[in-house]
Amino acid sequence: MKLQDLEIFVVAPPAPGWGGRYWIFTKLTTDDGITGYGECYASTVGPRAMTAVIEDVFERHMLGENPENIELMFRRAYSAGFTQRPDLTVMGAFSGLEMACWDIIGKARNRPVWALLGGKMNARIRSYTYLYPDPGKNTPEFWVNADLAAEAAAKCVAQGFTAVKFDPAGPYTIRGGHEPAMSDISRSVEFCKKIREAVGDKADLLFGTHGQFTTPGAIRLGRELEPYNPLWYEEPIPPDNILEFAEVARQVRIPLATGERLTTKTEFGALLRAGGVKILQPALGRVGGIWEAKKIAAIAEIYNAEMAPHLYAGPVEWAANIHLAASIPNLLMAETIQTGGEFHLKLIRNSIKWEDGYILPPDAPGLGISFDEDVARAHPYTGTGLHLQMQEAPCDYRHGNRFEGGAPSKAD
């Protein structure tokens with residue numbers, strides 16, 4: 001069995017576009033006709049350039065290789081160009097190709113991927129979602145209005161969710177860490193207060209930030225949130241400041257979570273050694289793939305840390321997350337887009353089930369999904385923006401900050 005062909009799909013989810021502006025899927029085919037699908041979560045370059053990177057990684061390190069030789073192919077990609085260090089773009093490309101290899105291996109053996117990773121440790125996977133507006137009600141007001149957020153949280157709990165995430169503390173700027181505006185702190189406190197009132201003890205609050213604060217700014221905000229007992233305070237400082245997470249953890253009595261922008265066990269190992277973070281959020285389409293994430297989970301066990309796979313992408317990364325989550329003992333929960341996402345599920349013909357707050361690991365061979373290539377081809381991405389983008393304008397301390405969630409209304 002040898003890897004023979006590669007096809008790439010760049011898909012734009014229709015409005016409101018939860019999961020980013022586009023998703024990049026890979027399809028690998030072996031010389032004996034077995035196909036596998038993966039997803040690359042890398043947004044440092046545009047889709048055209050990323051397609052070229054994926055093709056180069058495949059042709060240089062994987063073409064003609066046995067798809068079972070995942071460790072060998074990873075070491076080739078990780079070492080490419082005399083590097084042997086984390087590279088977000090190359091690892092993003094390899095991650096999607098690696099997932100497709102696991103899909104092939106599982107299909108060749110007629111077993112789900114989780115069975116090849118040590119078996120099913122978790123028969124159900126606790127899930128969480130961001131708070132999203134109802135269909136047709138996606139306005140900028142939703143993202144800054146605590147009453148609307150609390151209403152959405154109550155609906156999520158009624159569906160079965162036991163944790164909800166929200167991020168009212170923006171903006172996310174290219175300028176690195178900043179001190180939060182007092183209005184941002186006040187809004188964040190109001191969100192926590194009203195959501196806690198709406199859900200009581202039925203759900204955990206997951207406070208999302210995206211690396212936008214200085215260390216003292218993160219501490220100032222975090223201390224104000226403590227009375228509402230969030231389960232985590234997510235990436236409060238820029239992800240490249242690994243040592244500073246420990247300082248925030250010393251000053252704030254909320255568990256810290258981070259990892260969606262890190263790649264490979266090298267960066268996660270450094271994070272764990274630095275101390276302070278006990279909840280890891282790898283994005284499997286960026287971190288190096290399923291096998292690399294399994295290694296990170298094993299390292300995390302030594303530090304008494306838990307895993308919460310991140311998802312702001314498409315359904316193939318979601319499937320990979322689920323197989324990892326099913327196989328590890330130190331799982332906290334896994335992210336979903338709502339209860340699976342309408343377009344996400346359409347792309348995989350509803351082949352993953354969500355039930356009463358939990359994802360059910362599929363039993364079908366490989367990743368257990370049925371990828372609909374016709375749907376993928378019918379929704380090509382034609383824009384120019386990146387999957388996600390940060391604003392250039394600095395924090396506004398006088399007029400307040402209005403920002404939107406994961407699908408800004410401004411056109412590409």
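Coordinate-derived values only; no laboratory data. Only a predicted model underlies this, so the values are computations on that prediction, with no experimental measurement involved. Glycine gets a Cβ as well: all are built from the backbone with ideal geometry, and neighbour counts include every protein chain shown.
Of note:
Okay, residues lined up against (1) under 26 Å from R261 (Cβ atoms); (2) in contact with a helix residue (DSSP H, G or I) (Cβ under 6 Å, 6 or more places away or on another chain); (3) of a type in the set (S, T, Y):
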| site | (1), (2), (3) |
| --- | --- |
| S43 | yes, no, yes |
| A52 | yes, no, no |
| H61 | yes, yes, no |
| Y78 | yes, no, yes |
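- Test for T44: is it touching a Ser or Thr at 6+ places or on another chain (Cβ under 8 Å) and either crowded, with 18+ Cβ neighbours inside 10 Å or closer than 30 Å to G20 by Cα (or both): yes
- Residue in the range 162-184 that is within 23 Å of the chain's Cα centre (by Cα), buried (at least 19 other Cβ atoms within 10 Å of the Cβ), over 26 Å from L243 (Cα atoms) and not polar (S, T, N, Q) present: yes
- Residue count for the range 236-255, restricted to those that are of a type outside the set (F, W, Y), free of Cβ contacts under 8 Å to residues at least 40 places away in the same chain and either buried (at least 20 other Cβ atoms within 10 Å of the Cβ) or in a helix (DSSP H, G or I) (or both): 10
- Test: residue in the range 329-341 that is more than 26 Å from A158 (Cα to Cα), in contact with a Phe, Trp or Tyr (Cβ under 8 Å, 6 or more places away or on another chain) and surrounded by 14 or more Cβ atoms within 10 Å (Cβ to Cβ): no
- The range 347-360, residues that are buried (at least 17 other Cβ atoms within 10 Å of the Cβ) and over 10 Å from R124 (Cα atoms): L347, I348, S351, I352
- Members of the range 95-140 found to be of a type in the set (F, W, Y) and in contact with a strand residue (DSSP E or B) (Cβ under 6 Å, 6 or more places away or on another chain), listed by number: Y128, Y130
- At least 2 residues being over 19 Å from E235 (Cβ atoms) and touching a strand residue (DSSP E or B) at 6+ places or on another chain (Cβ under 7 Å) is the threshold, and among the strands (runs of 3 or more DSSP E) wholly inside the range 297-362 those reaching it are 353-355, 358-360.
- Just one residue in the set K137, K194 is more than 21 Å from the chain's Cα centre (by Cα) and in a loop (DSSP other than H, G, I, E, B); that residue is K137.
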